[in-house]
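Student: One structure, pasted below without further comment.
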Amino acid sequence: YMAYARGISVLRSNTTIRGIEHRITDEGDRGVAYGGFINVHNCNNFLLEDAILQAHRTYKDAGGVGMGTYELGGGMANGLYYKNCVQSNFYDDSGMATTYWRDENGDLKSGVGIWGVMGTNFCKNITYDGCTLNRLDAHAGVVNATVKDTNIIEIRLIGGGLALIENSTVYNSTMISLREDYGSTWNGDVKIINSKQINNSWYTPTIISGSWVNHNFGYTTYMPKNVIIDGYTLENKKNPYSKTVNVITYSNLPSNADANNKSDNPIVYNESITVRNNSAGITFNPGNAGRPITKE
């Protein structure tokens, strides 16, 4: 098993790629890790516009571990802007977002999943604008991430600054998942504005989830400082009569953890949660890690 990075590598600032189409055929039962079709590294201000992309099927290595197989990649880059980019295998036959993979003939492959379309490291100012893409994932950190006018399945972040979801639909029981492998840290704010969450599971939906890990990452970890929820709506597919949402949920929190804990991995707790324009009548619980909710 090897890793490949065939595709387009962008290494200069102020670059635009527009109107490109990438479709994948002849994916067999064996494959390798793939760094991405379009990779952006060590530069500023990249725009990908009006692109048709396709997420790859999931492959596993000899030990059964899934291998990263991306369509969009990047590292040490600032100002990554994806506008009107569409993933051709985002929806299933019913019109719902799907995590299952179909071959080029449209045939569903039992037990085969779709890998997240994006994986980046150490970037700043990533924006999805008017897109239909299954994932925005900042593996090793991002400063400022925006998802607006977009349909998406998974948002996985660590880092800081502002995480903004605006006029978008998230098909997941969790809107933002903070990666536990880097301490589930977000040293900044989260804003959810006029956005919808579609929960197709029996789990109580969560706005932000993380996992406390007693490990010395070399830095203090943070829960989102200020969370603002303004005009949120919910569609519970499995339990349509439930309108309860947890705002911040962390697993594995020790009973004595607080803002001044002395563990190997100190964690700074959330400071505020504000809910505005709750015309949908949602019941917001702060969760096990959030502060009391202020309603405006």
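The values are calculated or read from the model by the stated rules, or taken from the named source; none is laboratory data. Small disclaimer: the values here were computed from a predicted structure and weren't measured. For neighbour counting, all protein chains shown are included, and Cβ atoms are generated from backbone atoms with ideal geometry for every residue, glycine included. When the accessible area is computed, the model is the full protein with side chains, heavy atoms only, and any ligands, DNA or RNA have been set aside. Shrake-Rupley method; radii C 1.70, N 1.55, O 1.52, S 1.80 Å.
Student: With all protein chains present and a 1.4 Å probe, how do ILE8, ILE198 order by accessible area, largest first?
Tutor: If we order ILE8, ILE198 from most to least accessible, we get ILE8, ILE198.
Student: Additional query: Could you tell me which of rounded, prolate or oblate describes the stretch 165-296, using a ≥ b ≥ c as the square roots of the eigenvalues of the alpha-carbon gyration tensor, with rounded for a/c under 1.5 and, failing that, prolate when a/b is larger than b/c and oblate otherwise?
Tutor: Prolate, because a/c is 1.5 or more and a/b exceeds b/c.
Student: Label 7 Å along Cα→Cβ of ASN216; the stretch 174-205 residues with amide nitrogen under 20 Å?
Tutor: Only 181-185 pass the distance filter.
Student: Looking only at the chain, where both bridge partners belong to it, what percent of the DSSP beta bridges are antiparallel (to the nearest 5)?
Tutor: Beta bridges within the chain, antiparallel portion: roughly 5 percent.
Student: While we're on this one: So how far apart, in nm, are the two label points at SER13 and THR294 if each is 7 Å from Cα heading toward Cβ?
Tutor: Here the modelled spin labels are 3.8 nm apart.
Student: If the cut-off is 29 Å between C-alpha atoms, which lysines fall inside it for LYS60, apart from same-chain ones fewer than 8 positions away?
Tutor: Partners found: LYS109.
Student: Normalised by the empirical 2.2 N^0.38 Å for globular proteins, what value does the Cα Rg of the chain take?
Tutor: Output field value: 1.00.
Student: If the stretch 1-85 were replaced by its equivalent ellipsoid, with semi-axes equal to the square roots of 5 times the Cα gyration tensor eigenvalues, what would those be, largest first, whole Å?
Tutor: 26, 15, 9
Student: Taking R0 as 41 Å, what FRET efficiency do you get between ALA3 and ASP93 from their Cβ-Cβ distance, rounded to the nearest 0.05?
Tutor: In this case the efficiency is close to 0.80.
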